[in-house]
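Reviewing the structure listed below.
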Amino acid sequence: MTAYVVQRMLLMLVTLFAIITLTFFLMHAVPGGPFTSEKILQPEIQAALNAKYHLDDPLWLQYLTYLKGVLSFDLGPSFKYAGMSVNQIIAEGLPVTMKTGALALICVVALGVPLGIVAALNRNRWPDTLVMVIATIGVAVPSYVIATVALYVFALRLGWVPTFGLDDWRGYFLPVFALSGFWISFIARLARSSLLETLQQDYMMTARAKGLRRGTVLFKHGLRNSLIPVVTVLGPVVANLLTGSFVIEQIFALPGIGRHFVLSITNRDYTAIMGITIFYAAVLMVMIFIVDMLYLVLDPRIKYRADAK
Amino acid sequence: MSAPLLSVTNLSTSFFTSRGEVQAVRGVSFELRAGEILGIVGESGSGKSITCMSIMGLLRSSGRVIDGTALFEGRDLITLDEDELSALRGNDISMIFQDPMTSLNPTLTVGEQVIETILRHRKVSRAEARARAIELFELVRIPSAAKRLRSYPHEFSGGMRQRVMIAIALACDPKLLIADEPTTALDVTIQRQILALLKELQGRLGMAVILITHDLGVIAETADRVLVMYGGMVMEEGPVRELFARPSHPYTRGLLASIPDLRDDTHHRLTPIPGSPPDMLRPPKGCPFAPRCPHAMAQCNAALPPLYDAGEGHRARCWLHHPEAPRVAGITAELVTA
């Protein structure tokens, strides 16, 4: 088991290295650069900027320099925001993104799973239909539509919540709602179908035939087995929510890192692209690792072994 | 004679599907005495499992008992509510299923699955329940019982899992054990072990057993009395010896004729019953076996025959036993007509 964990850690580092390498060269393969814009710069200024950020070095040298930086957890200076390092950009945006993301995650688990259970237990009756109609809308309607409509109704019309920012605690409502809407719906649908499948299993019949109470049958025998697929999906969902959403942060004017994700690309802010990609990849890999470890708790049939070489 | 432990009268169960009402069980009646082994035999869809599921209150949601009673120690199981039924299930009446590979919860230890049953029905501590579980594992001969309690189902073979299922079923000394095809999913050698174990435990603990199977061989070895079911009805019933010696329904005869005889070295083919079972969405008005019966008459399609009494508890649902019916060698010659 320890050997397996060590192996997984090493594999994660290899994957991260591959991601860094691929992103680095792909990014540089795209025409243009951080200082290309409509306004043509004086050749001297251009050369000076290139020299300052080592953009005139051969690509392999830039790559090695960058790798060296990453190894010491230095993601380099931002090309677009003078005087800011990528580490600082992430450090500034992350708390905001994490707070809304964590709240959204709580909503996803606390609402999505119970809604799925209610739907499954009332299969083909009105609570099921109601949950499924809402969940289908939630999955189908894009988050920016939900966000704008919610903003219009609750902030502008009713004035219950502020239109932007997180200075007021009420400011969290709409961004969290818009962020979690899709995933609540997604998890509700998944939990429903998974529980329905579990309810058909022979061992559920055995549990009833043993005279166990309805609640015991459902929660002790049914839920744990049906949550395995839900947990599988939750890993990437956590990574997704904790790294923010460009659209939501834009609409509610939240100073998170989600928008840097997109802006850094259009800006050709090389170091920001790299830094945020590495950050996202790392979070995602850690979440997937945690999910794999959770399987051990949920399903005793799963055992991990390091590959014997 | 003492009152029967279980007395089922005119039990009818239907499933209400989008295609219509599937009449799975149609007016089944039988009695079971304490300590008796009753075999119910029939092919898939004959209603044998549904009969027992109806008694246990374990029908899937589209199924409903539409008529009849099932008196267990004087209480009608059909009218009990879920709380009362669940207090009986696993306690006075327990059940084992066909496929031991899927009947145990894969995410709980087998020990827990035994212990939770004991804790549900008995006022004992967890430690006492555990001690009882070890005792049960020893009873069903699971080696190193105390250690195996902590194992998960996937760490057991099929035969061992069925032993675990039996241990769960016996946890609270049931008066009635329903075994629904308990050996069908097992290897032949394991089948014999499990059957022998069941028979032995039944003798030691004195419980009544309903053994559902499609295997007449299993019935011959294990049961005291047999119910032959077809198309949701009892076609023939009687003591095992009597029924095997004098099968009085063409369907029973067909079943017996289709069993391969290994001692027979003349290589003749098996004798199958031609045709297929009736569609229970639209069950025939007359005898459900008539379309496949070699002796069918006009009367057979016109009306359902009653169960004719042959004495000694042997009864058969066939018009051939009507006093005015033509004599058919091997069926009617021996039977005392009603």
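The values are calculated or read from the model by the stated rules, or taken from the named source; none is laboratory data. These numbers were taken from a predicted model, which means no experiment stands behind them. Note that each Cβ is placed from the backbone with ideal geometry, even for glycine, and that neighbours are counted across all protein chains shown.
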* Residue check, A:I248 away from chain B (no Cβ under 14 Å) and free of Cβ contacts under 8 Å to residues at least 12 places away in the same chain -> no
* Asked: Do you know which of the residues in the stretch B:204-240 that are within 18 Å of the chain's Cα centre (by Cα) and assigned to a helix (DSSP H, G or I) is nearest to B:L281 (Cα to Cα)?
  -> B:L216
* How about the stretch B:25-54: which of its residues are under 27 Å from A:Q200 (Cα atoms) and surrounded by fewer than 24 Cβ atoms within 10 Å (Cβ to Cβ)? -> B:R26, B:E43, B:S44, B:G45, B:S49, B:C52, B:M53
* Asked: Which residue out of B:R192, B:R204, B:R141 is away from chain A (no Cβ under 14 Å) and on the phi > 0 side of the Ramachandran plot?
  -> B:R141
* Could we say that B:R120 is crowded, with 16+ Cβ neighbours inside 10 Å, modelled with pLDDT of 95 or more, within 7 Å of chain A (Cβ to nearest Cβ) and in a helix (DSSP H, G or I) here? -> yes
* Asked: Residues in the stretch A:92-114: is at least one among the polar types (S, T, N, Q), over 17 Å from A:N267 (Cβ atoms), surrounded by 14 or more Cβ atoms within 10 Å (Cβ to Cβ) and out of contact with any Gly (no Cβ under 9 Å at 6 or more places or on another chain)?
  -> no
* Which of (1) surrounded by 17 or more Cβ atoms within 10 Å (Cβ to Cβ); (2) within 14 Å of chain A (Cβ to nearest Cβ); (3) in contact with a helix residue (DSSP H, G or I) (Cβ under 7 Å, 6 or more places away or on another chain) is the odd one out, the single condition B:P106 does not satisfy? -> (1)
* Structure fact -> Only one of (1) closer than 23 Å to B:C172 by Cα; (2) buried (at least 16 other Cβ atoms within 10 Å of the Cβ); (3) not polar (S, T, N, Q) does not apply to B:A87, and that is (2)
* Number of the exception - B:G39 against (1) without any contact (Cβ under 8 Å) to a residue 40 or more places away in the chain; (2) part of a strand (DSSP E or B); (3) among the small types (G, A, S) -> (1)
* Can you spot a residue in the stretch A:213-231 that is farther than 18 Å from A:L103 by Cα, away from every other protein chain (no Cβ under 14 Å), assigned to a helix (DSSP H, G or I) and modelled with pLDDT of 90 or more? -> yes
* **Filtered residues of the stretch B:160-180 (kept if of a type in the set (D, E) and in contact (Cβ under 8 Å) with a residue 40 or more places away in the chain)** => B:D180
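Yes or no, residue by residue, for (1) surrounded by 13 or more Cβ atoms within 10 Å (Cβ to Cβ); (2) closer than 21 Å to A:R259 by Cα; (3) in the same structural domain as A:G258 (by TED's automatic domain parsing); (4) modelled with pLDDT of 80 or more:
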{"residue": "A:M27", "(1), (2), (3), (4)": "yes, yes, no, yes"}
{"residue": "A:P43", "(1), (2), (3), (4)": "no, no, no, yes"}
{"residue": "A:Q62", "(1), (2), (3), (4)": "yes, no, no, yes"}
{"residue": "A:Q88", "(1), (2), (3), (4)": "yes, yes, no, yes"}
